[in-house]
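The values are calculated or read from the model by the stated rules, or taken from the named source; none is laboratory data. In this text, all values refer to a predicted model and were calculated from it rather than measured experimentally. Here the Cβ is made from the backbone with ideal geometry for all residues, glycine too, and neighbour counts use every protein chain on show. For accessibility, only protein heavy atoms count, side chains too; no ligands or nucleic acids. Shrake-Rupley method; radii C 1.70, N 1.55, O 1.52, S 1.80 Å.
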Amino acid sequence: MTTEEVKKETPKKKKESGKQVVIPLLQHIGITCKPLVKVKDEVLIGQKIGENSDGLCAPVHSSIAGHVVAIEERLHPLCGKISSIVIESDETNRAIEYNPHNNPSKEDIINAVQEAGIVDLTGYPLYDMLTTYNRIDTVLINLTFPGDVNSNCAPENIPKIIEGMKLLMKGSGALDGAFIIHKYNQSLSSVIKSKLHDENIEIFTVKDNYSPTMANLLAYEITGIPVPNTQTPLDAGVILSSASGALAVTRAVNEGIPHIEANVTVSGAVRNPGTRRVNIGTSFKEVIQSSGGYSGEPGKIIMNGSLNGTAQPNDEVPVIKSTTEIIVQSTDEVLCESPGPCIHCARCVDVCPVNILPGRIASFSDMGMYDECFKMHVSSCIECGQCFYVCPSNRHLVQLIKFAKVELVKLLTIPDEEATPIPGCQTCENPCLLGEPFISGGIA
Amino acid sequence: MKLTVSHPAHIREGVTINKIMWSKIAILLVLSLISAVVFGPKALAVVLISVLAAVLTEAGIQKLTKQELTIKDGDAVLIGLIMALLLPPTVDLWIPVVGAFFAVALVKHAFGGLGSTLFNPAIAAWVFMNMSWGALTGSESIPYLSGYTDLFIEFGSGRLAEVSSMVLIIGGLYLIYKKYIDWRIPTLYLISTIVMALLIGEELSYVITGMLFLGIFILAPDPTTSPITKKGRFIYGILCGILTVVYGYLTYDYVVAVLFTVFFANAVAPFIEKNTFPKPVNEVSA
Ligand code: SF4
Ligand code: SF4
């Protein structure tokens, strides 16, 4: 069948891979990829379509075969609008020739991970963790984030996850590895135990669920080395990845397949909830349709966890590499009570994993006293959402805290046009970041 | 299709102010009924009048200042109820009316309403009534634990709240189990009271009264007036225990001791709080 014929066919609703995929050029923390293809170009499955070698960047690949119909700004599940490559499927499965490694060396692993554009759940490109300057002692795989566990820890995936762990250890030169499992998840730990034949890899049980944003806390919990919020677990000599990351590494190294698929669990108000293997770039709408469609009127669509996931503006947003969970809330599940006064019950203080006073900070933020928020360590908040979850007064704690952070950034940075060199100042010749009010008393 | 976009979290635990308040009210209502058994129907009259006065005051103030009516959250009811339980059944019925007005108008709303009070309104009102009409609000007898049955029903009590420790203990444990109140203050209060009494050499049968359990489970852990920091709540609990025993030892009245203890502890709570601000775990000192 030639491409021409394929195009003439009326598009049918297909099972998993959609007719069109939207692949955002930014699916990671770092800089945006530059597109490597033009509109109307043919692309194959696994073909690299965007990369940027100027900085921290994970390349993106086409997840279907077809041709590019547009390169434009499209909605992104995490950050507004991002320029994306829209590919229309030609309903074939033509793929590039994959380049698997048997018995890979350290360099092979790093190259494969980089080429595959693997992005961990935190949004961090995984290759950067392997090539860090820090000495890496331990590879941790966090199996406590419910979304990740539900999607990726099916028994048939466990050997691949263990293989991924070994590859990561080899790639980073770490001697130890550990799986971190919630203490109530006995079934998972017994499955892993039965498949694990390596004395360098251990299983740790912890009392809490750690979401990807809690990486620093988890590294602290396991290694005992405090990781301040300006650093990453890498600074404690730890690579912290997830089941999804480990699976992608195994696929990239052993099969040569780049990060073009994600396991996504659909739950909530859909007819047929469950886990599906989805091409990156498929719209949420299609994933939900393949789960039987909405049951009832949807009120909110959330990516990656009800506690700290992101609510989506509509269901056209694409699945990206760090998507593991799509939750649909029906209209009557959506929270819409108005907040009451803080009764200082301290429930938020008791649950806060970073040990700050969320209620107090939020009150200060509400009153516009951002300097007080700063003094109360608002920047330590990792936006885990637990304080809002427990607040009996329905205070919008996370929202107020986020707002205070944004306002603080505005307060602490001086706009470029105002940052001028201060005549007579001997310290340096750069535009003064402190601004005149601080200095004028001292020098003039 | 209209979708809501909002910040996380997208689900809630389901504990609300209403649930917390009305569970406490339910416990205290049981207590009031038992007090009616012990003291006769006059006790119920005191409770009713006091609650009614508190609710009407709140409604009046919120109408006058054009705020939203918040009777439903149960705070005014709770204030009236606690205040009534601190009074003896022999009290003149105009006293709870004045007390409830004082509690709701001056101690609660003048300071900013629910969540902003410095003192627990019911206790502050009791202190006010005690100062103004000490003879009228004083109790005729001070309970003494003479046997285990006294824990269930105490016929020698002088104030409504003392009639049954058991109701308060079971209710308090339920509140802790449901996480409606924090466990730290009650536990520490109880332990430090007993330890302190043993240290001083006081007989526990004087120390353990119904009022002590009201203090432990309802008055001291009152969310608004206790410190919010974890360490602060530890210190607060210990302080309450020490103050209770010291005051009771000096005045031979362990019932009033609890009330003054909570009043004083409320006063130092902001100070405790300020000195126990936690250090964020992910911030390493330079
Ligand atoms: S949980 Fe809510 S009501 Fe309680 S202290 Fe925190 S912000 Fe205030
Ligand atoms: S979201 Fe709330 S509970 Fe979570 S870290 Fe921030 S303040 Fe603490």
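Considering the range B:1-49 alone, what residues qualify as being under 20 Å from the mean Cα position of the chain (by Cα) and open to solvent by 60 Å² or more (accessible area, probe 1.4 Å)?
B:Asn18, B:Lys19, B:Trp22, B:Leu29, B:Val30, B:Leu33, B:Leu44, B:Leu48
Are there strands (runs of 3 or more DSSP E) fully within the range A:200-271 with at least 3 residues that are under 29 Å from B:Glu283 (Cβ atoms)? List them.
Working: elements: A:201-206, A:238-242, A:261-268.
Here the list reads A:201-206, A:238-242.
May I ask you to say which residue of B:Val37, B:Val91 is more than 14 Å from chain A (Cβ to nearest Cβ), modelled with pLDDT under 90 and part of a loop (DSSP other than H, G, I, E, B)? Walk me through it before giving the result.
Values: B:Val37 fails: part of a loop (DSSP other than H, G, I, E, B).
None of the others qualify; the one that does is B:Val91.
Collect the residues in the range B:242-274 that are within 14 Å of chain A (Cβ to nearest Cβ), in contact (Cβ under 8 Å) with a residue 12 or more places away in the chain and not aliphatic (A, V, I, L, M), keeping them in residue-number order.
From the range B:242-274, those within 14 Å of chain A (Cβ to nearest Cβ) are B:266, B:269-270, B:272-274; that's our starting set.
After this cut, where a residue has to be in contact (Cβ under 8 Å) with a residue 12 or more places away in the chain as well, the list is B:266, B:269-270, B:272-273.
Matches in the range B:242-274: B:Asn266, B:Pro270, B:Glu273.
Only one of A:Ile141, A:Ile136 is in a loop (DSSP other than H, G, I, E, B) and open to solvent by less than 40 Å² (accessible area, probe 1.4 Å); which?
Working: A:Ile141 fails: in a loop (DSSP other than H, G, I, E, B).
Answer to the check: A:Ile136.
Where in the range B:192-286 are there helices (runs of 4 or more DSSP H), lying wholly inside it, with at least 3 residues that are modelled with pLDDT under 95, farther than 18 Å from B:Ala122 by Cα and open to solvent by 10 Å² or more (accessible area, probe 1.4 Å)? Working first, answer last.
Values: elements: B:204-207, B:210-214, B:230-251, B:254-274.
The helices (runs of 4 or more DSSP H) meeting that bar are B:204-207, B:230-251, B:254-274.
Considering (1) free of Cβ contacts under 8 Å to residues at least 24 places away in the same chain; (2) away from chain A (no Cβ under 14 Å); (3) not β-branched (Val, Ile, Thr), say which one B:Tyr206 fails and leave the rest.
B:Tyr206 satisfies every listed condition except (1).
Of all residues in the range A:304-328, how many are in a strand (DSSP E or B), crowded, with 23+ Cβ neighbours inside 10 Å and within 11 Å of chain B (Cβ to nearest Cβ)? Outline the logic, then answer.
Applying the first criterion (in a strand (DSSP E or B)) to the range A:304-328 yields A:310-311, A:318, A:325-328.
Restricting the remaining residues to those that are crowded, with 23+ Cβ neighbours inside 10 Å gives A:318, A:325-328.
Among the residues that remain, those that are also within 11 Å of chain B (Cβ to nearest Cβ) are: A:327-328.
Going through the range A:304-328 one residue at a time, the tally reaches 2.
Residues in the range A:279-289: is at least one open to solvent by less than 10 Å² (accessible area, probe 1.4 Å), more than 23 Å from A:Lys81 (Cβ to Cβ) and touching a residue at least 24 places away in the same chain (Cβ under 8 Å)? So that I can check it myself, show each step before the final result.
Taking the range A:279-289 first, the residues open to solvent by less than 10 Å² (accessible area, probe 1.4 Å) are A:280-282, A:284, A:287-288.
Right, trim to more than 23 Å from A:Lys81 (Cβ to Cβ) and you get none.
Scanning the range A:279-289, I find no residue that is open to solvent by less than 10 Å² (accessible area, probe 1.4 Å), more than 23 Å from A:Lys81 (Cβ to Cβ) and touching a residue at least 24 places away in the same chain (Cβ under 8 Å), so the answer is no.
Going by what's in this entry, would A:Ser330 be described as away from ligand 2 (no atom under 16 Å from the Cβ) and farther than 30 Å from A:Asn263 by Cβ?
Details: away from ligand 2 (no atom under 16 Å from the Cβ): yes; farther than 30 Å from A:Asn263 by Cβ: no.
Criteria not met by A:Ser330.
For the range A:78-97, what are the residues that are among the acidic types (Asp, Glu) and open to solvent by less than 10 Å² (accessible area, probe 1.4 Å)?
Just the residues of the range A:78-97 that are among the acidic types (Asp, Glu), to begin with: A:88, A:90-91, A:97.
Matches in the range A:78-97: A:Asp90 only.
Just name the residue that is farthest from the other protein chains (Cβ to nearest Cβ) out of those in the range B:95-125 that are within 17 Å of B:Leu69 (Cα to Cα) and in a helix (DSSP H, G or I).
Per the stated criteria, the residue is B:Phe101.
Of the numbered conditions (1) more than 7 Å from every other protein chain (Cβ to nearest Cβ); (2) surrounded by 22 or more Cβ atoms within 10 Å (Cβ to Cβ), A:Asp371 fails exactly one; give the number of that condition.
Here A:Asp371 meets the rest and fails (2).
Go through (1) within 13 Å of ligand 2 (Cβ to nearest atom); (2) of a type in the set (Ser, Thr, Tyr); (3) farther than 27 Å from A:Pro125 by Cα one by one and return the number of the condition A:Ser379 breaks.
(3)
List, please: which pairs have Cβ atoms under 8 Å, are six or more places apart or on different chains, and start with a residue in the range A:218-230 that is more than 16 Å from A:Asn142 (Cβ to Cβ) and end with one that is among the aromatic types (Phe, Trp, Tyr) and not in a loop (DSSP other than H, G, I, E, B)?
A:Pro226/A:Tyr220
Please verify whether the range A:305-317 includes one or more residues that are assigned by TED's automatic domain parsing to the domain that holds A:Pro273, touching a Gly at 6+ places or on another chain (Cβ under 6 Å), over 29 Å from B:Glu273 (Cα atoms) and more than 15 Å from ligand 2 (Cβ to nearest atom).
No: the range A:305-317 contains no residue that is assigned by TED's automatic domain parsing to the domain that holds A:Pro273, touching a Gly at 6+ places or on another chain (Cβ under 6 Å), over 29 Å from B:Glu273 (Cα atoms) and more than 15 Å from ligand 2 (Cβ to nearest atom).
Determine which member of the set A:Gly340, A:Gly424 is within 7 Å of chain B (Cβ to nearest Cβ), farther than 27 Å from A:Gln231 by Cβ and modelled with pLDDT under 90. Before you say what the answer is, go through the steps one by one.
On the way: A:Gly424 fails: within 7 Å of chain B (Cβ to nearest Cβ).
From the options A:Gly340, A:Gly424, the qualifying one is A:Gly340.
Go through the range A:376-393 and give me each residue that's within 9 Å of chain B (Cβ to nearest Cβ) and under 17 Å from B:Ile228 (Cα atoms). Before you say what the answer is, go through the steps one by one.
Step one: of the range A:376-393, the residues within 9 Å of chain B (Cβ to nearest Cβ) are A:376-377, A:379-393.
Hits for the range A:376-393 are A:Met376, A:His377, A:Gln386, A:Cys387, A:Phe388, A:Val390, A:Cys391, A:Pro392, A:Ser393.
Considering each of A:Leu44, A:Leu36, A:Leu75, A:Leu26 in turn, give the residue that is in contact with a His (Cβ under 9 Å, 6 or more places away or on another chain), aliphatic (A, V, I, L, M), open to solvent by 20 Å² or more (accessible area, probe 1.4 Å) and modelled with pLDDT of 85 or more.
Sole residue among the options that is in contact with a His (Cβ under 9 Å, 6 or more places away or on another chain), aliphatic (A, V, I, L, M), open to solvent by 20 Å² or more (accessible area, probe 1.4 Å) and modelled with pLDDT of 85 or more: A:Leu26.
Can you tell me how many residues within the range A:144-175 are polar (S, T, N, Q), touching a helix residue (DSSP H, G or I) at 6+ places or on another chain (Cβ under 8 Å) and open to solvent by 10 Å² or more (accessible area, probe 1.4 Å)?
Looking only at that region, the number is 2.
Let's see how each residue does on (1) open to solvent by 40 Å² or more (accessible area, probe 1.4 Å); (2) on the phi > 0 side of the Ramachandran plot; (3) more than 13 Å from ligand 1 (Cβ to nearest atom):
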| site | (1), (2), (3) |
| --- | --- |
| A:Gly340 | no, no, no |
| A:Arg347 | no, no, no |
| A:Arg360 | yes, no, no |
| A:Lys375 | yes, no, yes |
| A:Val390 | no, no, no |
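Of all residues in the range A:352-368, how many are among the hydrophobic types (A, V, I, L, M, F, W, C) and facing another protein chain (nearest Cβ under 8 Å)? First the steps, then the outcome.
Going residue by residue through the range A:352-368, those that are among the hydrophobic types (A, V, I, L, M, F, W, C) are A:352, A:354, A:356-357, A:361-362, A:364, A:367.
Of the ones still in play, those that are also facing another protein chain (nearest Cβ under 8 Å) are A:354, A:356-357.
Matching residues across the range A:352-368 total 3.
Every residue in the range B:136-175 that is out of contact with any helix residue (DSSP H, G or I) (no Cβ under 9 Å at 6 or more places or on another chain) and either farther than 19 Å from B:Gly248 by Cα or open to solvent by less than 30 Å² (accessible area, probe 1.4 Å) (or both), please.
Once the filter is applied, which keeps residues that are out of contact with any helix residue (DSSP H, G or I) (no Cβ under 9 Å at 6 or more places or on another chain) and either farther than 19 Å from B:Gly248 by Cα or open to solvent by less than 30 Å² (accessible area, probe 1.4 Å) (or both), the range B:136-175 yields B:Gly147, B:Tyr148, B:Thr149.
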